[in-house]
């Protein structure tokens, strides 16, 4: 436990031999000497630090976003330092923990069984733990750690979700409907628990979700939603609002089916109806869905991951206009489907092939209105 001494007058800080941060002050001019002790919860997990980073070590098989780790990440941000999780090669990050670590510009250092160090997120070979803050992709085979090239066996097809929905007016106060409709449409099951940290307990009622998303909380990384055991899901809702509108960004993983399950194409086809239903709830600003091989634990191991395959993308009407991609051309060339409601188009990338997907990407890179892309 770390205690911070916070007096009410002029003060100075020093760190004792025990690693406790203490604030010292002289006796005030009037009145008795007053000392206030407050517990720094985030420092409880601190094992080492540098002037620009702070480190926590663990040997848990699943490194999850506990309340203490949430405090640790928030403490690193307050101190303008970047957090690093240090583990061995047997640990894996839960999806909410991975998202939170990346959001706080943190890193993951993994000590291999052969004594080498590697970046758990990129596989880069390292000499020191602080090199985990380099999240750039590895561009040379000589920089890749050998142990990272041993992927864990995959058993299920996972769906990567990145979806942003905008609501206007009074409907902006409704939270969580995005995740609920998506899970119901794809898996015939809604979320079973919600919370700010893991483990997540309790049923996510609309009132609870509205409270979590609408209340300012000191160390919130987002609202975590968990799916049922028969349909594992780990999703995070980030909520932001402005004058007359609110945005809800949904990211995470859904375990669709075991590898080779014949129900997988049907579940992916349901994305179209799910996005259509959401378009009547609000404006879908952007959506990207990709499949990836993994396990129903929905955790990220410190090893090479299977490359994701894009299966669908949703674009708002405003984005379409910005790239001079009209609906007729989108439907003719890319097989896009209009959503209705507040508008938007769904692009089924899994059926149009990589060449068409590359052409679609080029239309968003080429912003010159005088020379629209040709397909």
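A few comments on the model shown:
- In this label model, residue 241 and residue 78 are separated by 2.6 nm, measuring between points 7 Å along each Cα→Cβ vector.
- Length gained on full extension, residue 269 to residue 114, computed as 0.36 nm times the residue gap minus the Cα-Cα distance: 51.3 nm.
- Measuring r between the beta carbons of residue 305 and residue 60 and using R0 = 25 Å, the FRET efficiency lands at 0.80.
- Inter-probe distance in nm under a simple model that places probes 7 Å from Cα toward Cβ, at residue 152 and residue 319: 3.1 nm
- Theoretical gain in end-to-end length, residue 138 to residue 193 [0.36 nm per residue, Cα-Cα removed]: 16.1 nm
- Backbone N under 17 Å from the residue 128 label point (7 Å along Cα→Cβ), restricted to the range 49-66: 49-56
- Between residue 292 and residue 88, the simple label model (points 7 Å from Cα in the Cβ direction) yields a spacing of 2.6 nm.
- Sorted by Cβ density within 10 Å, fewest first, the residues 263, 48, 53: 263, 48, 53
- The packing ranking, built from the mean of other Cβ atoms within 10 Å per residue, places the peptides 81-92, 264-275 in the order 81-92, 264-275, highest first.
- Rounded to the nearest 0.05, the FRET efficiency derived from the C-beta distance between residue 280 and residue 229 at R0 = 30 Å is 0.45.
Bear in mind that the values in this text are calculations on the coordinates, not laboratory data. Here the structure is a predicted model, which is why all the values come from computation and not from measurement. Here Cβ is always computed from backbone atoms with ideal geometry, including for glycine, and neighbour counts include all displayed protein chains.
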